[in-house]
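S.K.: Have a look at this one.
The values are calculated or read from the model by the stated rules, or taken from the named source; none is laboratory data. Just so we're clear, the structure is a prediction, and the values are computed from it rather than from any experiment. Ideal geometry is used to build each Cβ from the backbone, glycine not excepted, and the neighbour counts take in all protein chains shown. Only protein heavy atoms, including side chains, enter the accessible area calculation; ligands, DNA and RNA are left aside. Shrake-Rupley method; radii C 1.70, N 1.55, O 1.52, S 1.80 Å.
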Amino acid sequence: MRESDTFKKLTQLILEEEREAREKLENRVEVIDQNLNEREKLEPRIAPILSDQVVYLQKKFPELFGPAITASIKNQIKDSKDEVVEALYPIMGKMVKKYILKEIELLSERIDQKIEEAFSWDNWVNFVKAKVFGIKQGDMILKDAMEPVIQEVFIIEQHSGMLIGSYSRVTSVDQDMVAGMLTAIKSFAKDTFSIEDQELETIEYENYKIVIKNFPRFYIAVVISGIVSKVFLNRLDDLILDFVDKVINQRSPKAEADFIEEEFSENLNDYFIKLNQYDK
Amino acid sequence: MISKKVVLIGKYGVGKTSLIQQFVHQRFSEKYLTTIGVKIDKKTVNIDGTELNMLIWDIAGESTNTKIPKSYHLGAHGAIYVFDLTRPSTYENIVSELNNLKKLISNVPIQLVGNKSDLLDEKNIHQIINSLPLEISFLTSAKTGKNVESMFSALGKALLK
Ligand SMILES: Nc1nc2c(ncn2[C@@H]2O[C@H](COP(=O)(O)OP(=O)(O)OP(=O)(O)O)[C@@H](O)[C@H]2O)c(=O)[nH]1
Ligand SMILES: [Mg+2]
């Protein structure tokens with residue numbers, strides 16, 4: 001064989017092999033191309049990988065995104081502290097109250113037990129009534145006459161003393177001015193005794209008691225006549241928290257910026273009339 | 001109706017209570033009964049057809065031995081700073097007094113008012129005005145009622161803006 005022939009043969013062999021390899025490769029590329037471009041073909045291949053990723057993300061979610069989410073929530077709360085506090089206030093109030101009530105109930109149950117051992121219940125009741133009121137049971141009619149009655153309810157903006165809403169059994173006083181003066185008295189007490197986080201809670205004069213419940217942006221003042229019992233105050237407390245939660249905190253976002261006077265007055269009527277025996 | 005809180009501020013005896021008495025009840029008394037703490041009055045005014053309910057806080061002027069809670073000022077929508085034209089001690093520190101006030105209530109209209117104008121003649125008043133570093137909004141007399149109504153109306157107008 002001549003040298004050139006050998007060379008020819010060799011190139012043929014090599015090229016042949018190369019061509020075959022290229023054809024194979026082309027076919028393969030074709031298949032891959034189809035797999036990639038046709039969704040039905042791509043899906044079964046990628047789905048398991050994706051679902052693995054989902055499982056991974058689910059497992060690692062708190063670790064991966066937790067800090068970022070916490071930070072963003074923190075920021076949001078920081079930026080709208082008032083709103084958050086306002087929303088939580090009544091709920092927290094209710095929770096704390098419930099807990100304390102439960103404890104007191106337990107305590108009084110225990111006391112009751114002790115007392116029952118010493119006296120009969122009826123004896124005890126009469127004894128207490130006589131001690132406290134200095135009167136016989138028959139004279140309890142007098143106490144009925146002093147049944148607590150809510151005379152007025154004011155919702156007042158903190159600091160400025162502007163009236164936001166009111167309920168009045170009988171309108172006699174100038175409510176704007178009362179709201180202002182109550183706020184001034186509160187400011188005076190706070191500035192004079194300058195104890196942080198302590199607020200005036202009740203003002204008493206003769207037959208009247210003004211109960212004040214503070215919220216971050218406003219406070220509610222309730223003027224009550226008659227003998228105000230703990231039970232009554234308790235119910236009043238629940239009512240106020242409920243009112244703030246259901247009525248004030250549920251206002252349309254449009255009203256968020258400014259309180260509009262008389263917006264709540266109608267609701268106040270519905271709410272507080274419930275506590276008044278004589279208005280039923 | 002729109003309600004706005006207005007505070008009257010100034011040293012004791014400059015005539016804050018007298019200005020309010022004149023504006024709300026159209027009366028004046030020579031007797032000086034110093035205000036204790038704060039007294040609230042109100043008057044509904046008509047400003048270009050809009051009813052405005054002005055809640056006027058008459059805050060006692062501080063003297064050396066009485067301190068007035070700063071929180072009375074909070075939430076005010078407007079203020080009137082009153083000084084007595086006949087007593088330089090009531091307007092000597094006017095710039096710093098007004099700056100302190102602006103720290104408590106920022107971005108609200110404030111009227112600077114020189115009161116008791118009935119006690120001085122034109123020439124004296126001009127001398128005082130020229131010596132002051134700030135422009136005065138109104139010269140009033142709670143006694144004669146001069147400029148009292150227009151001073152409150154001007155504030156009312158600013159409150160509605
Ligand atoms: N001549 C004159 N006397 C006035 C005028 N305004 C007030 N007075 C008198 O000045 C005295 C003090 O007036 P008030 O209105 O009580 O002063 P005030 O600023 O309220 O004082 P405090 O409550 O102590 O801060 C009273 O005797 C008034 O009669 C005025 O325009 N002209
Ligand atoms: Mg006064």
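S.K.: Name the shape class, rounded, prolate or oblate, that the alpha-carbon gyration tensor gives for the range A:3-70, where a ≥ b ≥ c are the square roots of its eigenvalues, rounded holds for a/c under 1.5, and otherwise prolate holds if a/b is larger than b/c and oblate otherwise.
M.R.: prolate
S.K.: Still on this model: Just reorder A:Leu64, A:Leu200, B:Leu33, B:Leu101 by solvent-accessible area, largest first, 1.4 Å probe, all chains present.
M.R.: Final ranking, largest accessible area leading: B:Leu33, A:Leu64, A:Leu200, B:Leu101.
S.K.: Calculate the length of the line joining the C-alpha centroid of the range B:114-161 to that of the range A:175-243, in whole Å.
M.R.: First find each Cα centre; the distance between them is then 40 Å.
S.K.: Ignoring everything but the protein chains, give the 1.4 Å probe accessible area of A:Thr70 in square angstrom, nearest 10.
M.R.: 70
S.K.: What do you reckon, how do A:Val244, A:Val170 stack up by accessible area (1.4 Å probe), largest on top?
M.R.: Of A:Val244, A:Val170, the descending order of accessible area is A:Val170, A:Val244.
S.K.: Cross-link list A:Lys98/A:Lys213; B:Lys31/B:Lys116; A:Lys78/B:Lys161; B:Lys39/B:Lys146; A:Lys94/A:Lys209; B:Lys31/B:Lys123: which exceed 21 angstrom alpha carbon to alpha carbon?
M.R.: As for pairs spanning more than 21 Å Cα to Cα, those are A:Lys78/B:Lys161; B:Lys39/B:Lys146; A:Lys94/A:Lys209; B:Lys31/B:Lys123.
S.K.: Only loop residues by DSSP count here, and only those with at most 15 other Cβ atoms within 10 Å; note down the GluC sites (Glu not before Pro) in the range A:1-49 that meet that.
M.R.: Taking the range A:1-49 and a limit of 15 other Cβ atoms within 10 Å, the loop GluC sites (Glu not before Pro) found are A:Glu38.
S.K.: Within chain B, which whole H helices from DSSP have a Cα span along their axis of at least 15 Å and a mean Kyte-Doolittle hydropathy of 1.0 or more, if any?
M.R.: Going by DSSP H runs, the hits are B:148-160.
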